[in-house]
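**Student:** Encoded as structure tokens, here's the structure I'll be asking about.
Please treat every number below as a calculation from the coordinates, not as lab data. Here the structure is a predicted model, which means the values were calculated and not measured. As a convention, Cβ positions derive from the backbone with ideal geometry for all residues, glycine included, and neighbour counts pool all protein chains shown.
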Amino acid sequence: METAGLLPSSRRRAFIPALILAALYPAVMAAAQPAAGPQAALDPARALTQYLRDVWQRGQGLPQNTVQAVLQTRDGYLWVGTGDGLVRFDGVRFTTYDSRTQPVLGTDDISTLLEDRQGVLWVGTLGGGLFTYRGGVLAPFTGGALPNSVITDLYEGADGALWTARSPPTPQHRDCRAPPCER
């Protein structure tokens with residue numbers, strides 16, 4: 001028996017989640033919107049044909065055409081990881097860091113890049129381990145032991161800890177920072 005003005009219990013159960021979603025929708029959508037500023041990549045009011053496109057390959061200064069990682073650091077440089085080295089692009093010219101120009105690199109196969117909140121560029125390689133670039137110096141990571149030298153991805157946690165993905169995966173994925181190295 002239905003009471004006037006109330007929905008049947010089965011419809012009421014379906015209505016409550018919809019009401020909650022409707023109430024939360026504005027807050028969820030506001031949080032999902034990109035923040036105004038430099039992180040908004042394209043103006044949605046412009047057509048793609050209104051943008052310029054440049055292609056950078058070996059002829060323009062890259063050591064090879066296969067790009068494995070791209071990162072723009074807060075100082076404006078565009079960093080590119082390739083199978084033949086790490087490349088910094090200043091908007092005009094490419095500077096290549098490879099095992100010939102930087103003997104500290106054990107391999108030229110750059111797989112992943114990350115800039116941490118302190119502005120340090122972290123460089124992961126496929127077979128050469130992990131490196132940092134700060135103050136114009138590329139140096140191997142010495143703050144803790146890595147189980148292997150194949151770094152496939154990097155992530156900085158909310159607490160500032162550096163997390164690595166490695167191949168093959170290992171049970172412990174959290175690496176500490178240098179200095180000091182705390183476990």
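**Student:** Express in nm, to one decimal, how much length is gained between Ser167 and Asn148 on full extension, taking 0.36 nm for each residue of separation and deducting their alpha carbon distance.
**Tutor:** Result for the pair: 6.0 nm of gain on full extension.
**Student:** Using a 10 Å cut-off around each Cβ, can you sort Trp79, Trp122, Trp163 from fewest to most neighbouring Cβ atoms?
**Tutor:** Ranked by crowding around the Cβ, least crowded first: Trp163, Trp79, Trp122.
**Student:** For Ala45 and Asp90, what does the FRET efficiency come to when R0 = 41 Å and r is the distance between their Cβ atoms, rounded to the nearest 0.05?
**Tutor:** E between Ala45 and Asp90, to the nearest 0.05, is 0.85.
**Student:** A further question follows. Mind listing the Cα extents of the stretch 58-175 along all three principal axes, in Å, largest one first?
**Tutor:** 43, 26, 22
**Student:** What net charge is computed for the residues neighbouring Thr66, neighbours being all others with C-beta under 15 Å from the C-beta of Thr66, Lys and Arg scored +1, Asp and Glu -1? Before the final figure, lay out each step's value.
**Tutor:** Numbers: positive: Arg58; negative: Asp84, Asp98, Asp108, Asp109.
That sum, taken over residues with Cβ under 15 Å, equals -3.
**Student:** Kindly put Leu48, Leu162, Leu71, Leu62 in sequence by how many other C-beta atoms sit within 10 Å of each C-beta, fewest to most.
**Tutor:** By the 10 Å Cβ count, ascending: Leu48, Leu71, Leu62, Leu162.
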